[in-house]
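To start, the structure itself, in structure tokens.
The numbers here are math on the coordinates, done by the rules we state, and not lab data. Since we're looking at a predicted model, the values are computed, not measured. Cβ sites come from the backbone with ideal geometry, for glycine too, and all protein chains shown count toward neighbours.
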Amino acid sequence: MVALGGALGSIARYGVSAALLRGSGTAVPYATGIVNVLGCAIAGVLAGLLSSARITLTIEHRALIIAGVLGGFTTFSGFGLDLLTLVNEGRGPAAFVNLVVQVVGGLGLLAIGYVLARTA
């Protein structure tokens, strides 16, 4: 289940990157930022729904969705590589903005999604 979900998540992640590359000529750091922040938002909603018992998932479905799809979709290692690329290209301010937006934005949306899903 993890492998199947991981394949689906990885395909989705690649699709975001390919779409940005076609649309703007560059995917760094935007594609990784989009999938990390969106992945955190989705994880927050799922965690909130599960915690409030609004939904239940079997162990297999948790493996498929959380470890598999979300694990394949979110790319925190790619985040680190993007930061390194930006720094190596002399784009320090862009690296800093990328760091702040992804970490603060992602964790903020995780918390918001959790609270909204748990209380809605």
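Do any trypsin sites (Lys or Arg not before Pro) in region 36-118 lie in a DSSP loop with no more than 13 other beta carbon atoms within 10 Å, and if so, which?
In loop regions of region 36-118 (DSSP not H, G, I, E or B), the sparsely surrounded trypsin sites (Lys or Arg not before Pro) are Arg54.
What's the angle, to the nearest 10 degrees (0 to 90), between helix 2-24's Cα axis and the longest principal axis of the chain?
It is inclined by approximately 40 degrees.
Which angle between 0 and 90 degrees, to the nearest 10, do you get for helix 30-51 versus the longest principal axis of the chain when only C-alpha atoms count?
Between the helix axis and the principal axis of the chain, the angle is about 20 degrees.
Could you tell me which of rounded, prolate or oblate describes region 53-120, using a ≥ b ≥ c as the square roots of the eigenvalues of the alpha-carbon gyration tensor, with rounded for a/c under 1.5 and, failing that, prolate when a/b is larger than b/c and oblate otherwise?
oblate
Expressed as cubic angstrom per residue, what is the convex hull volume of the alpha carbon set of the chain?
So the per-residue Cα hull volume is 92 Å³.
Relative contact order (percent) for the chain, with alpha-carbon contacts under 8 angstrom and 6 or more residues of separation?
45 percent
Could you check the simple spin-label distance between Ala3 and Leu57, using points 7 Å along Cα→Cβ, in nm with one decimal?
Distance between label points: 2.0 nm.
Rounded to the nearest 10 degrees, what's the angle between the helix 76-88 long axis and the longest principal axis of the chain, both from Cα atoms, 0 to 90?
For helix 76-88, the angle is close to 10 degrees.
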